[in-house]
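The values are calculated or read from the model by the stated rules, or taken from the named source; none is laboratory data. Nothing here was measured: the structure is a model prediction, and the numbers come from that model. Quick reminder, even Gly has a Cβ in these numbers, built from the backbone with ideal geometry, and neighbours come from all protein chains shown.
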Ligand code: ATP
Ligand code: MG
């Protein structure tokens with residue numbers, strides 16, 4: 001229907017005939033002279049209609065056109081310094097494709113600020129705002145940058161089931177669903193299936209995974225449905241091999257954002273670190289104790305502890321860093337103990353005081369895995385399909401899950417609801 005997106009038209013096109021399509025962003029109607037700002041995905045262009053120049057039926061179609069109506073405009077390009085992009089279109093014909101109701105449920109021009117709940121209730125309209133749309137263009141960009149990094153690193157994409165029969169990894173609550181005459185659940189992560197792929201010999205797999213977590217969070221960094229770069233890889237020496245991939249992936253994602261048009265448009269600046277520090281859990285406890293935050297050895301680093309560490313690292317100009325060598329007792333049953341069995345070959349990746357990823361080396365010995373399940377009071381018979389994959393040749397392996405919303409919200413320094421089209425939280429199930 002169109003010849004150009006609005007941002008493709010420049011003063012060099014003066015004299016050319018073009019066809020543009022989009023939404024009526026603003027109208028200034030002075031009777032004999034009318035300016036209509038037409039907005040599409042790429043930007044905004046000015047349509048200038050003048051009595052005497054513009055045909056009367058075209059003037060008539062534009063008079064009183066409600067904001068956010070959808071138009072197809074054919075016309076010729078004129079250079080015009082004060083207009084957006086330095087150009088305007090003198091319309092030869094206008095087709096009204098869809099008339100908007102008014103008043104609008106919210107303002108799209110950025111003049112009137114709305115609360116996040118009003119915005120999410122009217123998300124289709126909120127997303128018309130260029131600064132909101134930019135977040136999702138950036139989301140698309142970082143996901144494809146991440147995929148590119150993984151594919152270049154020899155990972156193949158897999159898709160594991162999201163309807164599961166229970167016996168997930170434990171640790172978080174599951175959403176039960178009715179599955180014919182059986183009880184089933186939504187998967188909290190692809191953990192057990194992606195490990196099974198290591199027994200299958202796939203060597204390196206990734207999934208752009210969806211996690212469903214039935215936890216009653218009320219924070220700016222948790223939702224009940226999220227997505228992650230989820231990977232698993234075989235024939236590793238130890239967890240450092242996995243951290244190398246996570247570091248490479250995170251930096252590739254951050255770099256793609258730093259170099260993006262969207263970041264420029266949002267007037268943000270991002271630095272891409274050259275390397276990522278690897279702090280030991282024990283040292284982290286000392287560092288935060290130095291700031292008056294005491295955590296007893298063997299306990300997880302709580303939210304406040306993470307924030308204190310975030311501030312210490314920020315002073316050194318470091319936004320992103322690992323915490324390694326956690327105590328074994330706070331990591332999931334499948335975690336490989338370190339040479340010193342008090343510790344786990346497990347790590348978290350943190351960004352400015354929040355976790356963005358967890359991972360580690362997994363146990364690959366069947367008998368030891370069964371022992372660890374029992375230690376956690378889990379029933380091996382509930383893990384039959386998983387355990388079987390360990391009885392017929394399982395290589396040393398490990399992996400991680402890197403939350404897509406977490407890394408994006410950290411890149412943008414915003415809250416998680418801003419980076420999900422239709423967030424699912426304790427209270428929000430629609431739209
Ligand atoms: P947290 O301690 O931050 O609640 P977690 O340790 O329970 O997270 P993991 O099971 O380690 O989460 O999941 C791997 C990654 O998935 C996390 O590092 C995070 O990036 C993301 N993630 C997990 N749960 C959520 C959630 N409820 N909301 C948003 N992101 C999440
Ligand atoms: Mg975690």
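For the reader, a short list of remarks on this structure follows.
- Residue in region 306-329 that is away from ligand 2 (no atom under 16 Å from the Cβ) and assigned to a strand (DSSP E or B) present: no
- Scanning region 6-30 for residues that are free of Cβ contacts under 8 Å to residues at least 24 places away in the same chain and surrounded by 18 or more Cβ atoms within 10 Å (Cβ to Cβ) yields a count of 0.
- Tally of residues being touching a residue at least 40 places away in the same chain (Cβ under 8 Å), within 16 Å of ligand 2 (Cβ to nearest atom) and under 19 Å from the mean Cα position of the chain (by Cα) across region 138-195: 2
- Test: residue in region 235-247 that is buried (at least 19 other Cβ atoms within 10 Å of the Cβ), at pLDDT 95 or above and in a loop (DSSP other than H, G, I, E, B): yes
- Answer residue from region 351-361, given it is within 14 Å of ligand 1 (Cβ to nearest atom) and in contact with a strand residue (DSSP E or B) (Cβ under 9 Å, 6 or more places away or on another chain) and is nearest to residue 307 (Cα to Cα) among those: 352
- Residue list for region 159-184, restricted to those being modelled with pLDDT of 90 or more and touching a helix residue (DSSP H, G or I) at 6+ places or on another chain (Cβ under 6 Å): 160
- Of everything listed in (1) exposed (fewer than 15 other Cβ atoms within 10 Å of the Cβ); (2) more than 26 Å from the chain's Cα centre (by Cα); (3) within 16 Å of ligand 2 (Cβ to nearest atom), the single unmet condition for residue 291 is (3).
- Residue 231 vs. criteria out of contact with any helix residue (DSSP H, G or I) (no Cβ under 6 Å at 6 or more places or on another chain), in contact (Cβ under 8 Å) with a residue 40 or more places away in the chain and within 16 Å of ligand 2 (Cβ to nearest atom): yes
- Considering region 395-408, the residues that are more than 16 Å from ligand 2 (Cβ to nearest atom) and buried (at least 20 other Cβ atoms within 10 Å of the Cβ) include one that is farthest from the chain's Cα centre (by Cα), namely 397.
- Count - residues of region 323-350 that are over 15 Å from residue 288 (Cβ atoms), crowded, with 22+ Cβ neighbours inside 10 Å and within 14 Å of ligand 1 (Cβ to nearest atom): 6
- Per the listing 365, 354, the residue uniquely surrounded by 13 or more Cβ atoms within 10 Å (Cβ to Cβ) and either more than 22 Å from residue 193 (Cβ to Cβ) or within 16 Å of ligand 2 (Cβ to nearest atom) (or both) is 354.
- Residues in region 304-316 include at least one that is within 17 Å of residue 347 (Cβ to Cβ), in contact with a helix residue (DSSP H, G or I) (Cβ under 7 Å, 6 or more places away or on another chain) and surrounded by 15 or more Cβ atoms within 10 Å (Cβ to Cβ).
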